[in-house]
Amino acid sequence: MSSIRRLSATLAFAALALLATAAVASAKPLAHGQFVHIAKTRFHTNQSNNWFGYNQGTLEQGGKLFNSITGDWIVPTATQHTKGQAESSSTWIGIGGGCIDAGCTAGDNTLIQTGTEQDVDSSGKASYSAWWEIIPVPSLNISMTVSPGDHMSASIAEVVPNSNVWTITLKDVTRGESFSQTVPYTSTHATAEWISETPLLIGTDAGLATLPNLTTTPFTRGTTNGQNAGLKSSEEMQLIDSNGNVIGAPSAPNSTTDGFNTCSWATSC
């Protein structure tokens, strides 16, 4: 058997093992990084019921396909927004799942990502964790200590461009902990994103989670295909509530166009 065929067989076996593991993981109350829920476009600003941050799409990028993405962020502190209510948030980078055009008229149905979780329970106690996910398999926890203020550095890259074999890496730079996983996954390569999110609740009371209070979350060192992300204000995504009110917003791109901030329970950042 050739080395390529051995690699394919090994990866296929790994994929089956992941699916089996995910069957157990599906009992978790949260599903991270679900597809963007496009809400509407107003004043040329993309709006969503579950995401806020930046989204680049192949159509608004002139047909560009995404083979890799990187991004760093500082884990925000989560506190309870509404007394007696459990609230959840995720911070992540990913390829797929977002808007393929600047007007956000259509989305992508594949998504591979990694990030951190910042939650509070109904008593107001906060918890933090790390995870990775390939849609439609539920997210898998990463064995890593995560605390507010930690500097996280993430990357998702194909082993060989257009091979649909990806290496997902997440590092806690502050603590010197790291995770890496190589998986086969068929992607459209159509979108790239840097996102703060209200994840999906599964099981009883299923639906999108309520956003906790989060300290300002800075994203930096954003790249795609090994180059500066070149973020533009037209790629911003705002989070809105069920009444159409903006409750999460990104800032304008930083001076080097590779980062920005996100602000929760705010109309601007």
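The values are calculated or read from the model by the stated rules, or taken from the named source; none is laboratory data. None of these values were measured; they are calculated from a predicted model. In this analysis, Cβ positions are derived from the backbone assuming ideal geometry, glycine residues included, and neighbour counts consider all displayed protein chains.
Let me confirm something: among Gln56, Gln61, Gln85, which residue is within 17 Å of Ser233 (Cα to Cα), polar (S, T, N, Q) and part of a loop (DSSP other than H, G, I, E, B)?
Going through Gln56, Gln61, Gln85 in turn, just one is within 17 Å of Ser233 (Cα to Cα), polar (S, T, N, Q) and part of a loop (DSSP other than H, G, I, E, B): Gln61.
Given the condition buried (at least 18 other Cβ atoms within 10 Å of the Cβ) and touching a helix residue (DSSP H, G or I) at 6+ places or on another chain (Cβ under 9 Å), answer yes or no: does some residue in region 212-227 qualify?
No, region 212-227 has no match at all.
Quick one: Ala23 ticks every box in (1) at pLDDT below 95; (2) over 20 Å from Ser139 (Cα atoms); (3) over 20 Å from the mean Cα position of the chain (by Cα); (4) among the small types (Gly, Ala, Ser) bar one, so which box is it?
Here Ala23 clears every test but (2).
Against the condition modelled with pLDDT of 95 or more and in contact with a strand residue (DSSP E or B) (Cβ under 7 Å, 6 or more places away or on another chain), how does Ile112 come out, does it pass?
yes
Just checking, does region 30-39 include any residue being among the aliphatic types (A, V, I, L, M), surrounded by 12 or more Cβ atoms within 10 Å (Cβ to Cβ), in a helix (DSSP H, G or I) and modelled with pLDDT under 95?
Checking region 30-39: not a single residue is among the aliphatic types (A, V, I, L, M), surrounded by 12 or more Cβ atoms within 10 Å (Cβ to Cβ), in a helix (DSSP H, G or I) and modelled with pLDDT under 95.
Residue by residue through region 206-236, note down the ones that are under 25 Å from Val120 (Cα atoms), in a strand (DSSP E or B) and of a type in the set (Gly, Ala, Ser). Give the steps one after another, and end with the answer.
The initial filter retains those residues of region 206-236 that are under 25 Å from Val120 (Cα atoms), namely 206-219.
Pick out the ones that are also in a strand (DSSP E or B) and you get 207-208, 213-214, 217-219.
Selection gives Gly207 alone.
Residues in region 179-196: is at least one in a loop (DSSP other than H, G, I, E, B) and within 26 Å of Ala126 (Cα to Cα)?
no
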